[in-house]
2 protein chains.
Amino acid sequence: MTDLSNLAQDRDLEGLKQWLSDKGAFDIAGELTRIDLEDRAVVFRLLSKDRALAVFEALDPVHQQELMASLRESNVRELLEEMDPDDRARLLDEMPAVVAKRLLEGLSPDERKLTSILLGYPENSTGRIMSPEYIRLRASMTVEDALTTVRRSGPKAETIYTLPVTDDELCLTGVVSLRDLVLADPEELVGNIMTREVYSARADEDQERPARLMQETGLLALPVTDTERRLVGVLTIDDAMEVLEAEDTEDILRGGGSEPLGRPYLSASTLYLARTRATWLLILILTATLTVNVLQYFEDALEAAVTLSLFIPLLMGMGGNVGSQSATIVVRAMAVGEVRPADFAKVVLRELRVGVLLGLMVGLLAFIPVVFLFGMGIGQVISLSLVSICTIAALSGSILPLLAKRVGVDPAVVSAPIITTLVDATGLLIYFLIAKAVLGL
Amino acid sequence: MTDLSNLAQDRDLEGLKQWLSDKGAFDIAGELTRIDLEDRAVVFRLLSKDRALAVFEALDPVHQQELMASLRESNVRELLEEMDPDDRARLLDEMPAVVAKRLLEGLSPDERKLTSILLGYPENSTGRIMSPEYIRLRASMTVEDALTTVRRSGPKAETIYTLPVTDDELCLTGVVSLRDLVLADPEELVGNIMTREVYSARADEDQERPARLMQETGLLALPVTDTERRLVGVLTIDDAMEVLEAEDTEDILRGGGSEPLGRPYLSASTLYLARTRATWLLILILTATLTVNVLQYFEDALEAAVTLSLFIPLLMGMGGNVGSQSATIVVRAMAVGEVRPADFAKVVLRELRVGVLLGLMVGLLAFIPVVFLFGMGIGQVISLSLVSICTIAALSGSILPLLAKRVGVDPAVVSAPIITTLVDATGLLIYFLIAKAVLGL
């Protein structure tokens, strides 16, 4: 780990070259982000041109920017020119507009055009991350012709494993894989070996659907078309995987009550980290004042039986946990496509049953010890409250994310913390209503 | 949606054929799981042999089993024989041992042997999901020879895009991609165009590391070797993506306080769903009794100032939310490899600062309204408690998952709910200690 850091600080060029020689681009990139900013350029400049590009492409846009700041203008221009258009678009996208514009102007006309096409699509759309450099075949070509086309245009294209087939109007009519071409008779027509039921993406649609589709189907690349089914690019699996990692991270962090960081954890400042978390905390503390109001309303009951207050955290905790379980399970099942809008009634019914079952379980479990320690009355109140709170928690935990999805909001936004806080207030209300009824306060 | 269901119930064979004709295998599989069990075989039998296999492979093992139960023995045997060995191994793995044994015996000797090899590796190891049907090249071959080998052995292999190169002892010496072969001069030697710094996986290692590596590097296949670096298989990207989806789902559900379901949500029974959640709830309710003890200990303070109890849910909620944010962020950063064991001190320091900052924010925010409504004393107690609780929550939320990782436990196990419950008890203790000191109770 500290190897590289020491070598770089000592400016031990021989040692550095030795260290670099047997590492993969991805490993080098990983270590590079862990050493001092000023040492990174020293190490980076020792790499051959090809490997430097591979290492650069393996870095996160945040780290790419940091590194670019300490490289010479000419090196930067060269790196940008050689990058894949979609990776380049992503990097430029994250830079200040003035810098991005200047860098874009430094590119060759061809590369500039490719990048501008991608940057023209809306944010988070498939068009932004597709590769505009693809190889297009025609159904009337022979396999041999097709292979010749692949050999001629291959070096520029991002993938040559999935080859879209189009008609004269550039409309997508099928797909053939390099595998099928290589294994087929050279005289065969492409039209006879291509697949006609083709999954494709629309350039203006959100990235998540095509990415999930690729994960489910195991396809290595997906043709991307415009609104008139004309081919405009190809989405490759590596970009789809990045989308999924980002989407899953977003869901996970929202589920934990925080906004996505948008940059690697270790390169985010304390203030930046606090900011991604503050919004949710503020919403939550405002919602939580509801609990103060509910308790205030029952202050006389609390004065009459202080024992009741002993169980507040336990009951709130249980409600929060069951609600958070339901919300998490339902949000995830929707994210991976197991649950669809049409399944809503089924899901809510299921969670209702699970909530009652879990409530009965913990309610029965708590009954004997509570009766033994605090008497029959409190025992009844606690057990009844546990059953009701678990049921309501499971219901809210499933209904709220489903409703969010219906109205077009990311279900992960109605996350565990939000549900916990809402269930807290409702749970207190139920608790004290039951207490008043059972204990006659 | 209900189209297929209606067609199947009416046994409208022509309508069904029409419906099936323009759908992809993945879509058909998705709809199949949503219609009645007895109708599925009716629809399935209408598919041509190739498409039936594709649809079958697109199903989850749970749904594969359900479908197999309603197919004829000979159809089942045929399907199994044609499946990829790794998919077959996964399916057999989930069946009762007696059934799996019988089905395994029905396979041809070749396919049986391939499957047995995979089933011989430990659960969750890379060996279980690799493909044992790969194409192996030698460095001394010409590109032309290599392409001939690919054409000869290609139809059987799961992937022909990544071709491992080995020496005479079968040891991995490099990798060449089909892309490079197709684009290279036919006279060139494989040894001259292959990549020597090869990422690979060990058959006995856990699946997650190679899968994450493939996600980070964008590699389509990874050679798998035994402990002596001899090639035994190839891990393909589609299987790696399935591993990652399962790992992320596991982390997400654990983060929500539930165990992974291990089967699609809609095909799990209520009892089964309750069981995956009950264990954590029981652990949590036992931990939550700590809060009852703490409150009991301060019962006299509570009697003296009932107002204190009004803020219990709010303070617990805040602590829980901050702790859950920290735990979620840290667990995710470790899962995707952004944070490594060597970064522990940095992470804890960072979370400490974030916790103090967030605590000061909510503490200051709460001060004025609380002083206004409940007086100076309570205002001071609440604000001081918020700062302390947020700090402790951020610390526990980061330290506990890091410690879990150190001792080799899945960090996601020390999840938000566990931390919330622990912070609840500690928070109450702090709250009442501050209250006693400030209010002189």
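Of all residue pairs spaced 6 or more apart or on separate chains, those with beta-carbon atoms under 6 Å, a first member in segment B:160-180 that is farther than 17 Å from residue A:159 by Cβ and a second member that is part of a strand (DSSP E or B) and of a type in the set (Lys, Arg) are B:170/B:230; B:171/B:230.
Considering A:69, A:97, which residue is out of contact with any Phe, Trp or Tyr (no Cβ under 7 Å at 6 or more places or on another chain), closer than 21 Å to residue A:121 by Cβ, of a type outside the set (Phe, Trp, Tyr) and surrounded by fewer than 19 Cβ atoms within 10 Å (Cβ to Cβ)? Spell out the reasoning first.
Details: A:69 fails: closer than 21 Å to residue A:121 by Cβ.
From the options A:69, A:97, the qualifying one is A:97.
Taking the criterion of being within 17 Å of residue A:256 (Cβ to Cβ) and out of contact with any Gly (no Cβ under 7 Å at 6 or more places or on another chain), the residues of segment B:378-404 that qualify are B:398, B:399, B:400, B:401, B:402, B:404.
For segment B:357-372, a residue qualifies if it is at the interface with chain A (Cβ under 9 Å from one of its Cβ atoms) and closer than 18 Å to residue B:391 by Cβ, and the qualifying residues are B:357, B:358, B:361, B:362, B:365, B:366. In this structure, does residue A:356 turn out to be at pLDDT below 90 and of a type outside the set (Asp, Glu)? So residue A:356 does not fit the description; no.
Pairing residues of segment A:257-280 that are among the charged types (D, E, K, R) with residues that are part of a helix (DSSP H, G or I), at Cβ distances under 6 Å and at least 6 apart in sequence or on separate chains, gives A:259/A:276; A:263/A:62; A:277/B:325. Of all residues in segment A:313-348, those satisfying the criterion of being facing chain B (nearest Cβ under 9 Å), more than 25 Å from the chain's Cα centre (by Cα) and more than 13 Å from residue A:386 (Cβ to Cβ) are A:313, A:346.
The numbered conditions (1) more than 10 Å from every other protein chain (Cβ to nearest Cβ); (2) over 25 Å from residue A:320 (Cβ atoms); (3) touching an Asp or Glu at 6+ places or on another chain (Cβ under 9 Å); (4) of a type outside the set (S, T, N, Q) are all true for residue B:375 except (3). Has segment B:161-178 got any residue that is under 13 Å from residue B:225 (Cα atoms), of a type in the set (Gly, Ala, Ser) and within 33 Å of the chain's Cα centre (by Cα)? Yes, there is a match, as at least one residue in segment B:161-178 is under 13 Å from residue B:225 (Cα atoms), of a type in the set (Gly, Ala, Ser) and within 33 Å of the chain's Cα centre (by Cα).
Residues of segment A:45-60 that are more than 18 Å from residue A:114 (Cβ to Cβ) and either in a loop (DSSP other than H, G, I, E, B) or in contact with an Asp or Glu (Cβ under 7 Å, 6 or more places away or on another chain) (or both): A:45, A:46, A:47, A:48, A:59, A:60.
Across segment A:18-44, the qualifying residues are those that are touching a residue at least 12 places away in the same chain (Cβ under 8 Å) and outside any helix (DSSP H, G or I), and the one among them that is farthest from the other protein chains (Cβ to nearest Cβ) is A:36.
Would segment B:421-433 turn up any residue that is closer than 23 Å to residue B:350 by Cβ, buried (at least 21 other Cβ atoms within 10 Å of the Cβ) and modelled with pLDDT under 90? Scanning segment B:421-433 turns up at least one residue that is closer than 23 Å to residue B:350 by Cβ, buried (at least 21 other Cβ atoms within 10 Å of the Cβ) and modelled with pLDDT under 90.
Of all positions in segment B:426-433, none carries a residue that is in a helix (DSSP H, G or I) and over 19 Å from residue B:291 (Cβ atoms). Given the condition under 28 Å from the mean Cα position of the chain (by Cα) and under 22 Å from residue A:341 (Cα atoms), answer yes or no: does some residue in segment B:14-24 qualify? Among the residues of segment B:14-24, at least one is under 28 Å from the mean Cα position of the chain (by Cα) and under 22 Å from residue A:341 (Cα atoms), which makes the answer yes. Residue pairs whose Cβ atoms lie under 6 Å apart, separated by 6 or more positions or on different chains, with the first residue in segment A:80-91 and in contact (Cβ under 8 Å) with a residue 40 or more places away in the chain and the second small (Gly, Ala, Ser), are A:86/A:131.
Just give me the residues in segment A:171-213 being among the hydrophobic types (A, V, I, L, M, F, W, C), under 18 Å from residue A:232 (Cα atoms) and modelled with pLDDT of 90 or more, in sequence order.
Pass one, segment A:171-213, residues among the hydrophobic types (A, V, I, L, M, F, W, C): A:171-172, A:175-176, A:178, A:181-184, A:189-190, A:193-194, A:198, A:201, A:203, A:211, A:213.
Imposing the further condition that a residue be under 18 Å from residue A:232 (Cα atoms) reduces the set to A:171-172, A:175-176, A:198, A:201, A:203, A:211.
Listed by number, the residues that qualify are A:171, A:172, A:175, A:176, A:201, A:203, A:211.
Yes or no, residue by residue, for (1) of a type in the set (D, E, K, R); (2) touching a Lys or Arg at 6+ places or on another chain (Cβ under 7 Å):
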site: A:111; (1), (2): yes, no
site: A:117; (1), (2): no, no
site: A:134; (1), (2): no, no
site: A:140; (1), (2): no, no
site: A:159; (1), (2): no, no
site: A:167; (1), (2): yes, no
site: A:170; (1), (2): no, yes
site: A:174; (1), (2): no, yes
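If you go through segment B:61-74 and keep only what is free of Cβ contacts under 8 Å to residues at least 24 places away in the same chain and outside any helix (DSSP H, G or I), you end up with just B:72.
So in segment B:223-248, with the set limited to residues that are without any contact (Cβ under 8 Å) to a residue 24 or more places away in the chain and farther than 14 Å from residue B:124 by Cβ, which one is nearest to the other protein chains (Cβ to nearest Cβ)? Top of the filtered list is B:238. Just one of the listed residues (B:77, B:88) is charged (D, E, K, R), assigned to a helix (DSSP H, G or I) and surrounded by fewer than 19 Cβ atoms within 10 Å (Cβ to Cβ), namely B:77. Of all residues in segment B:104-145, those being out of contact with any Leu (no Cβ under 8 Å at 6 or more places or on another chain) and among the basic types (Lys, Arg) number 2.
Scanning segment B:249-308 for residues that are among the β-branched types (Val, Ile, Thr) and more than 9 Å from every other protein chain (Cβ to nearest Cβ), we see that the one that is farthest from residue B:67 (Cα to Cα) is B:283. Just so you know, in segment B:400-441 the residues that are over 20 Å from the mean Cα position of the chain (by Cα) and among the polar types (S, T, N, Q) include one that is farthest from residue B:324 (Cα to Cα), and it is B:426. The set of residues in segment A:185-228 that are polar (S, T, N, Q) and under 19 Å from residue A:169 (Cβ atoms) comprises A:200, A:225, A:227.
Quickly run through segment B:251-275 and pick out the residues that are in a helix (DSSP H, G or I) and either among the aliphatic types (A, V, I, L, M) or buried (at least 19 other Cβ atoms within 10 Å of the Cβ) (or both). Correct list: B:251, B:252, B:253, B:254, B:255, B:265, B:266, B:271, B:273, B:274.
The values are calculated or read from the model by the stated rules, or taken from the named source; none is laboratory data. Note that the coordinates shown come from a computational prediction; the quantities given were computed from them, not determined experimentally. Reconstructed Cβ throughout: ideal geometry from the backbone, glycine too, with neighbour counts over all protein chains shown.
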